[in-house]
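Before any comments, here is the structure.
The values are calculated or read from the model by the stated rules, or taken from the named source; none is laboratory data. Everything quoted here is computed from the prediction, not taken from an experiment. For neighbour counting, all protein chains shown are included, and Cβ atoms are generated from backbone atoms with ideal geometry for every residue, glycine included. Accessible surface areas use protein heavy atoms only, side chains included; no ligands, DNA or RNA. Shrake-Rupley method; radii C 1.70, N 1.55, O 1.52, S 1.80 Å.
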Amino acid sequence: MLENEANPNFSKSTGLPRKRFYRARAHSNPLSDSHFPVPLSPSDFDLFLHYPHFFESSGQLSISSRKIEFADIGCGFGGLLISLSTLFPETLMIGMELRDKVTEYVKERILALRVSNPGQYQNVSVVRTNSMKYIPNYFGKEQLSKMFFLFPDPHFKEKNHRRRVISPYLLDEYAYVLRVGGIIYTITDVEELGEWMKTCLEGHPMFEAITEEELEKDPVVKLLSSATEEGQKVARNGGQTFQAVYRRIAPSL
Amino acid sequence: MTDPTPSSVRAFKGPISEPKNPKKLPCLSQMSDGILMEEGEGNRETEVAPALLAVHPFDKFVAVSVGAELRIFDLQGGYSVLVKDDSAGLHKDSIRAIRFSAHGKLLVSAGDDKLVKIWTTDSWCCTTTVYSEKRVSAVAITNDSHFVCFADKFGVVWVVDLTDYSENQALVNKKAVPILAHYCSIITTLEFSPDGRFLISADRDSKIRVTVFPKKPLVGAHEIQRFCLGHTEFVSCLAFVSIPDCHEALLVSGSGDSTVRLWDVTDGTLLDTCEVGTEVLAVDLI
């Protein structure tokens, strides 16, 4: 990582990438056919590349039963993942982000943290992809135990509602990759979107609401509004947040 | 038990919609061991919808759609039959999918005029016309003929309930209900598994989705059984094949990636891949 010290995009003091050199627009068109590599199927996803500490080589993947369990959809600058990484050091987790520059930033951030904190942050990684189209390419049936949708793009106009990352149709796919008992976490500062996401989840037969009691006990819930850059911005501006946390259940016959 | 041979053969000119990557169309036509590959047309200027062919399950009729016209030939009588629809009218734009029901009493046709028309094969009258919001790209009928599913160009699959259908009934206005969707992808083909458990939908983004078809589909088909992933180009066609000594039918798919693949739909495993050497446009069993 010697190159980071000389790299002007990185801070000399912390060795971490500086956000201002990874500027990107807040929005990215999820409908466009971007050209980034997508694994043909979950077994083709190179876990060794992302988590070298946990796998000896690409050849070991079929022997190891370790799989990614947490997915942060639209991970932005990686705030949540970084916090989760130390909270769950033995769990593999991944961030999915559509914007190229932002994905680069998260990648550099993770690599720098791995260097400055030996042994830590080996369980977290990021991939540039369109999760609305390709989630089944990355995760197998009932693989994940947690999925995060923090401050997704609201797509205010009615005609753009179909671009929203939480929708009745896409929830079928999220239910497919989440195991029974797995949890989906959503939060937004846009009230209408919060209502929308809650209605979609409430109306889906494979999700049920989690009680207030259980939410209190879950250490992850507090991170939803505090761990990400977006969440911190909302808190700074004194805004309100709306969360919907649901559990994946087996469909009733 | 009769072998559930798929009763329709579909001929595509090429990818349903690929304006960005125009593919070279195959000019060969081959027949080998039950796989039929269709000829493409070289002329792309006049974008005519490909002619479609469907054969009645008991070989009573052959149905051919040419553009907006639906032509029926009575094989037993040896003459052509005119279809009638005095109230809603005939198709006004290219027909994109035609299919006979398993019991042969119905034919379903749908296409670019956003109409799904259900014809009775006794009198060849259109008993029901269902209005779709978008152009229709594929249709499928359950084996018991209780439900008709169709896919629109936005990737949404709709279901029409025909359980109270009766040939003698006056024209009934049926409404379709959306049950699932492939995100922003055109669904090229729909197929029910022979045991009726699953609805298979394939799209132009090389995905094949196996969904559990519920007893009450009007509330949606939310439970995905598996994805069959492996094709690298648009999936153009699906067919089920029954193997002796194997109680479950296997899925065969053809794709623009020049392969025909064999799948077990219950766990999504790819059983075999056959390199065909040219874009596969249609599969059927003889």
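Look through B:123, B:87, B:145 and report the one residue that is assigned to a loop (DSSP other than H, G, I, E, B) and open to solvent by less than 20 Å² (accessible area, probe 1.4 Å). Outline the logic, then answer.
Values: B:123 fails: open to solvent by less than 20 Å² (accessible area, probe 1.4 Å); B:87 fails: open to solvent by less than 20 Å² (accessible area, probe 1.4 Å).
Going through B:123, B:87, B:145 in turn, the sole match is B:145.
Just the residues that are under 16 Å from residue A:50 (Cα atoms) and open to solvent by less than 30 Å² (accessible area, probe 1.4 Å), please, taken from segment A:76-99. Break it down stepwise before answering.
Step one: of segment A:76-99, the residues under 16 Å from residue A:50 (Cα atoms) are A:78, A:81-82, A:85, A:89-97.
A:78, A:81, A:82, A:85, A:91, A:92, A:93, A:94, A:95, A:96, A:97 - these are the residues of segment A:76-99 that are under 16 Å from residue A:50 (Cα atoms) and open to solvent by less than 30 Å² (accessible area, probe 1.4 Å).
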- Task: Please find, within segment A:137-195, the residue that is surrounded by the fewest Cβ atoms within 10 Å (Cβ to Cβ) out of those that are within 11 Å of another protein chain (Cβ to nearest Cβ) and aliphatic (A, V, I, L, M).
- Result: A:165
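I'm checking my understanding of the structure. Among residues of segment B:222-240 that are within 8 Å of another protein chain (Cβ to nearest Cβ) and aliphatic (A, V, I, L, M), which one is farthest from residue B:276 (Cα to Cα)? Working first, answer last.
If we filter segment B:222-240 for residues that are within 8 Å of another protein chain (Cβ to nearest Cβ), which is where we start, we get B:222-224, B:226-227, B:229-230, B:232.
Filter once more, so that each one left must be aliphatic (A, V, I, L, M): B:224, B:229.
Details: B:224: 30, B:229: 18 Å.
Ranking the qualifying residues of segment B:222-240, first place goes to B:224.
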- Query: Any idea which of (1) of a type outside the set (Val, Ile, Thr); (2) more than 18 Å from the chain's Cα centre (by Cα); (3) farther than 25 Å from residue A:137 by Cβ is the one residue A:232 doesn't satisfy?
  - Reply: (2)
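Could you check segment A:225-240 and list, in sequence order, the residues that are open to solvent by less than 50 Å² (accessible area, probe 1.4 Å) and either at pLDDT 95 or above or under 23 Å from residue A:161 (Cβ atoms) (or both)? If you could, list the steps in order and put the result at the bottom.
Filtering segment A:225-240 down to residues open to solvent by less than 50 Å² (accessible area, probe 1.4 Å) leaves A:225, A:227-229, A:231, A:234, A:239.
Across segment A:225-240, the qualifying residues are A:234, A:239.
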- Task: May I ask you to list the residues in segment B:227-274 that are surrounded by 17 or more Cβ atoms within 10 Å (Cβ to Cβ) and among the acidic types (Asp, Glu)?
- Result: B:233, B:257, B:264
- Item | Enumeration of residues in segment A:100-115 that are crowded, with 18+ Cβ neighbours inside 10 Å and touching a strand residue (DSSP E or B) at 6+ places or on another chain (Cβ under 7 Å) | A:103, A:105, A:106, A:107, A:108, A:109, A:110, A:112
- Query: Restricting attention to segment A:171-198, which residues are aliphatic (A, V, I, L, M), within 16 Å of residue B:222 (Cα to Cα) and assigned to a strand (DSSP E or B)?
  - Reply: A:178, A:180
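Out of the residues in segment B:45-63 that are free of Cβ contacts under 8 Å to residues at least 40 places away in the same chain and open to solvent by less than 40 Å² (accessible area, probe 1.4 Å), state the one that is farthest from residue B:101 (Cα to Cα). First the steps, then the outcome.
At the first step, the residues of segment B:45-63 found to be free of Cβ contacts under 8 Å to residues at least 40 places away in the same chain are B:45-47, B:50, B:59, B:62.
Cutting the leftovers down to open to solvent by less than 40 Å² (accessible area, probe 1.4 Å) gives us B:50, B:62.
Details: B:50: 22, B:62: 13 Å.
Only one residue tops the list, namely B:50.
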- Item | Those residues of segment B:186-217 which are more than 9 Å from chain A (Cβ to nearest Cβ) and farther than 16 Å from residue B:140 by Cβ, in sequence order | B:204, B:216
- Task: Could you tell me which numbered condition residue B:85 fails, if it satisfies all but one of (1) of a type in the set (D, E, K, R); (2) within 14 Å of the chain's Cα centre (by Cα); (3) more than 16 Å from residue B:61 (Cα to Cα); (4) away from every other protein chain (no Cβ under 14 Å)?
- Result: (2)
